[in-house]
Amino acid sequence: ILDSMRGRLELGGSHLNMAGFRAYEQKFVNAQRIIIVACGTSWHAGLVAEYLIEDLARVPVEVEYASEFRYRNPVISERDIVIAISQSGETADTLAALELAKSKGATIFGICNVVGSSIARATDAGAYTHAGPEIGVASTKAFTAQVTVLTLLAMCIGQRRGTLSDTKLRELVAELHNIPSKVEKALKLDAEIREIAETFKDVPNFLYLGRGYNFPVALEGALKLKEISYIHAEGYPAAEMKHGPIALIDENMPVVVIATKDSSYEKVVSNIQEVKARKGRIIAVVTEGDTTIPAMAEYVIEVPHTSEILMPLVSVVPLQLLSYHIAVLRGCNVDQPRNLAKSVTV
Ligand code: F1P
């Protein structure tokens, strides 16, 4: 995965010359809206892209479950760009969603891993993630590769539209080159995360909370746990907790909070206080060197500091490791989880 990320960054290079993007860049610059269609983990990567593209390129983005989009009567115009994201490139709902959008005149950009797959062939243009085959059914490195490509895409569009300054662009490119070593560092958390997994392997429920760029990461953490360990888990934007999920919190509820140092840090601290007041068991993913949240949490997982908008690439790793260890300790087959298929083609 690290090699694949390095490959993506080299491809981006100083000119951010992404494969498949050049011929369509004017369409992206003029797009009135970008609609992202995907399923599962790919949908979560799409949610990160909504934050990225709106932040850096100021184009309105909608992120749609392909399985809903294809069956309703969505408003689509020729000035819309639809980005279809799929690891396998064979997901039937995503293919049907993009075909619907294409029939209404939208331009289709694909982000797939599998070269020559059905979705890749049905698009007007695209970028392959080249993350290599996913060995297991549940997507992991595909998420990282998709978010990397989407980050480059958001940067390209922002640069062309003049919404992203050269200084900020240069800072982001420099930090993107640091991401592989930061992911590598996060992977070294393996042993300590296994200990956390030992403590929680038999609980029936988990709650995952995050804000901003870490909100889709909370969703993805919960999905990974459900998929491979069969523990019920919910991901929520931390600020939504008071609108319902707070009722679930008691001394038996582990709450994973992605609480890295960013613009919503202070608000996340108060969310943690709310969980603590109800005796919830806090597992906090924090930025290295943080002292405030570690004093409040039962378990702390420290990840390296990075730019707020690149954090999902790093913060998702401990959550994937947590799901992996819990699943293994419960005797689950992490590569072939029950009831799941690698390519959902029906
Ligand atoms: C979508 C997806 C995966 C999930 C599982 C079932 O696949 O929901 O995210 O992990 O493999 O399919 P894709 O369209 O990204 O191939």
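The values are calculated or read from the model by the stated rules, or taken from the named source; none is laboratory data. Here the structure is a predicted model, which is why all the values come from computation and not from measurement. Glycine gets a Cβ as well: all are built from the backbone with ideal geometry, and neighbour counts include every protein chain shown.
For the reader, a short list of remarks on this structure follows.
- Residues (more than 16 Å from the ligand (Cβ to nearest atom) and within 16 Å of THR41 (Cα to Cα)) located in segment 219-249: GLU234, TYR236
- Subset of segment 204-231 [touching a Lys or Arg at 6+ places or on another chain (Cβ under 7 Å) and over 23 Å from LEU310 (Cα atoms)]: SER229
- Single residue of ILE83, ILE111 found to be within 11 Å of the ligand (Cβ to nearest atom) and touching a strand residue (DSSP E or B) at 6+ places or on another chain (Cβ under 7 Å): ILE111
- Inside segment 235-263, residues that are under 21 Å from TYR51 (Cα atoms) and either of a type outside the set (Gly, Ala, Ser) or crowded, with 21+ Cβ neighbours inside 10 Å (or both) make up a count of 12.
- From the list ILE53, ILE35, ILE76, the lone residue that is in a loop (DSSP other than H, G, I, E, B) and either free of Cβ contacts under 8 Å to residues at least 12 places away in the same chain or away from the ligand (no atom under 12 Å from the Cβ) (or both) is ILE76.
Yes/no per residue for (1) at pLDDT 95 or above; (2) within 25 Å of ILE34 (Cα to Cα); (3) in a helix (DSSP H, G or I); (4) in contact with a helix residue (DSSP H, G or I) (Cβ under 9 Å, 6 or more places away or on another chain):
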position	(1), (2), (3), (4)
THR148	no, yes, yes, yes
GLN159	no, yes, yes, yes
GLU198	yes, no, yes, yes
PHE206	yes, no, no, yes
GLY212	yes, yes, no, yes
GLY221	yes, no, yes, yes
ASP250	yes, no, no, no
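- Residue list for segment 117-135, restricted to those being within 11 Å of the ligand (Cβ to nearest atom), outside any loop (DSSP other than H, G, I, E, B) and not hydrophobic (A, V, I, L, M, F, W, C): SER118
- Filter result for ALA138 (surrounded by 18 or more Cβ atoms within 10 Å (Cβ to Cβ), near the ligand (Cβ under 10 Å from one of its atoms) and not hydroxyl-bearing (Ser, Thr, Tyr)): yes
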